[in-house]
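These notes concern the structure reproduced below.
The values are calculated or read from the model by the stated rules, or taken from the named source; none is laboratory data. The structure displayed is predicted, hence computed values, not measured ones. Every residue, glycine as well, gets a Cβ built from its backbone with ideal geometry; the counts of neighbours run over all protein chains shown.
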Amino acid sequence: MSGGASAGPDGRLRCPWALSTEDYVAYHDEEWGRPVHGDDALFERLSLEAFQSGLSWITILRRRPGFRAAFADFKIASVATFTDDDRARLLADAGIIRNRAKVDATLANARVLAEWSPGELDELIWSHAPDRTRPAPRTLTDVPAITDESTALSKALKKRGLRFVGPTTAYALMQACGLVDDHLADCTARGR
């Protein structure tokens, strides 16, 4: 079946996208699709998904240490205090993606989120988790890019003042943070 789970170097079946590099194998096996909670952790994932827009995920994954260093480990309270000098530093930092719109959105989002109550981002994001009755995807073509839930999450985040949170970015966030389990049916990581 084209696009179905494929055997990795260790013989375990995985989603085929995870087999191109060791970085992807580790991310697939240890992180992707596992529940993430906490405002700072979700802010990091939301920010990285926004930076990924238009790029391959491996680019972001390999630069994640640089992103974490540049953005104070994505601590909302810290990033919210970044100044114009910090913005200039970020735009000159070769360890991250130096896209002005994405940097500005991340800083603006931190300022918005700093005004929220603790746990509010977590609650808002997880309130859009669909029920788990959707059949497991058998092939990559069965995995959507946008769902009704991701569209609703995008609208809710935008309504609250967040930027760079379109429905596709929202769905990628839902996948990465375990709101949905899009590991293929035969993937050994499904249901973990």
* **All positions within the stretch 78-106 that are crowded, with 17+ Cβ neighbours inside 10 Å and among the β-branched types (Val, Ile, Thr)** => VAL79, ILE96, ILE97, VAL103, THR106
* Asked: Is one or more of the residues making up the stretch 8-18 crowded, with 18+ Cβ neighbours inside 10 Å, under 22 Å from ALA110 (Cβ atoms) and out of contact with any strand residue (DSSP E or B) (no Cβ under 8 Å at 6 or more places or on another chain)?
  -> no
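Okay, residues lined up against (1) more than 26 Å from ARG68 (Cβ to Cβ); (2) among the basic types (Lys, Arg):
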| residue | (1), (2) |
| --- | --- |
| ASP93 | no, no |
| ALA108 | no, no |
| ARG111 | no, yes |
| ASP131 | yes, no |
| SER150 | no, no |
| ARG192 | no, yes |
* Asked: If only one of ASP86, ASP93, ASP39 is of a type in the set (Asp, Glu), touching a Leu at 6+ places or on another chain (Cβ under 9 Å), at pLDDT 95 or above and farther than 18 Å from PHE164 by Cα, which one is it?
  -> ASP86
* Can you name every residue in the stretch 125-134 that is closer than 18 Å to GLY161 by Cα and exposed (fewer than 15 other Cβ atoms within 10 Å of the Cβ)? -> SER127
* Please determine, by comparing only the residues of the stretch 1-20 that are touching a residue at least 60 places away in the same chain (Cβ under 8 Å) and assigned to a strand (DSSP E or B), which one is nearest to ASP182 (Cα to Cα). => ARG14
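From ILE76, ILE96, ILE60, which residue is touching a helix residue (DSSP H, G or I) at 6+ places or on another chain (Cβ under 6 Å) and within 21 Å of ILE146 (Cα to Cα)?
Numbers: ILE76 fails: within 21 Å of ILE146 (Cα to Cα); ILE96 fails: within 21 Å of ILE146 (Cα to Cα).
Testing whether each residue is touching a helix residue (DSSP H, G or I) at 6+ places or on another chain (Cβ under 6 Å) and within 21 Å of ILE146 (Cα to Cα) leaves just ILE60.
Does ASP23 meet the test of being more than 13 Å from THR169 (Cα to Cα), modelled with pLDDT under 95, outside any helix (DSSP H, G or I) and of a type in the set (Asp, Glu)? Walk me through it before giving the result.
Values: more than 13 Å from THR169 (Cα to Cα): yes; modelled with pLDDT under 95: yes; outside any helix (DSSP H, G or I): no; of a type in the set (Asp, Glu): yes.
Spelling it out, it is not the case that ASP23 is more than 13 Å from THR169 (Cα to Cα), modelled with pLDDT under 95, outside any helix (DSSP H, G or I) and of a type in the set (Asp, Glu).
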* Scanning for something in contact with a Leu (Cβ under 9 Å, 6 or more places away or on another chain) and among the acidic types (Asp, Glu), does the stretch 56-78 turn up at least one residue? -> no
* Structure fact -> Note on the stretch 147-180: residues under 19 Å from ARG132 (Cβ atoms), outside any helix (DSSP H, G or I) and among the aliphatic types (A, V, I, L, M) are LEU179, VAL180
* **the stretch 77-113: number of residues that are in contact (Cβ under 8 Å) with a residue 60 or more places away in the chain and either part of a loop (DSSP other than H, G, I, E, B) or of a type outside the set (Lys, Arg) (or both)** => 4
* If you check ASP142, ASP122, which single one turns out to be under 30 Å from ALA18 (Cβ atoms) and surrounded by fewer than 17 Cβ atoms within 10 Å (Cβ to Cβ)? -> ASP142
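Of all residues in the stretch 114-146 being outside any helix (DSSP H, G or I) and β-branched (Val, Ile, Thr), which is modelled with the lowest pLDDT?
The first filter runs over the stretch 114-146 and keeps only residues outside any helix (DSSP H, G or I), leaving 114-119, 127-139, 143-146.
Those left that are additionally β-branched (Val, Ile, Thr): 133, 139, 143, 146.
On the way: THR133: 81, THR139: 95, VAL143: 95, ILE146: 97.
Ranking the qualifying residues of the stretch 114-146, first place goes to THR133.
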* For PRO167, which of the numbered conditions (1) more than 13 Å from GLU49 (Cα to Cα); (2) surrounded by 15 or more Cβ atoms within 10 Å (Cβ to Cβ) fails to hold? -> (1)
* Structure fact -> Scanning the stretch 26-56 residue by residue, those acidic (Asp, Glu), out of contact with any Asp or Glu (no Cβ under 9 Å at 6 or more places or on another chain) and part of a helix (DSSP H, G or I) turn out to be ASP29, GLU30, GLU49
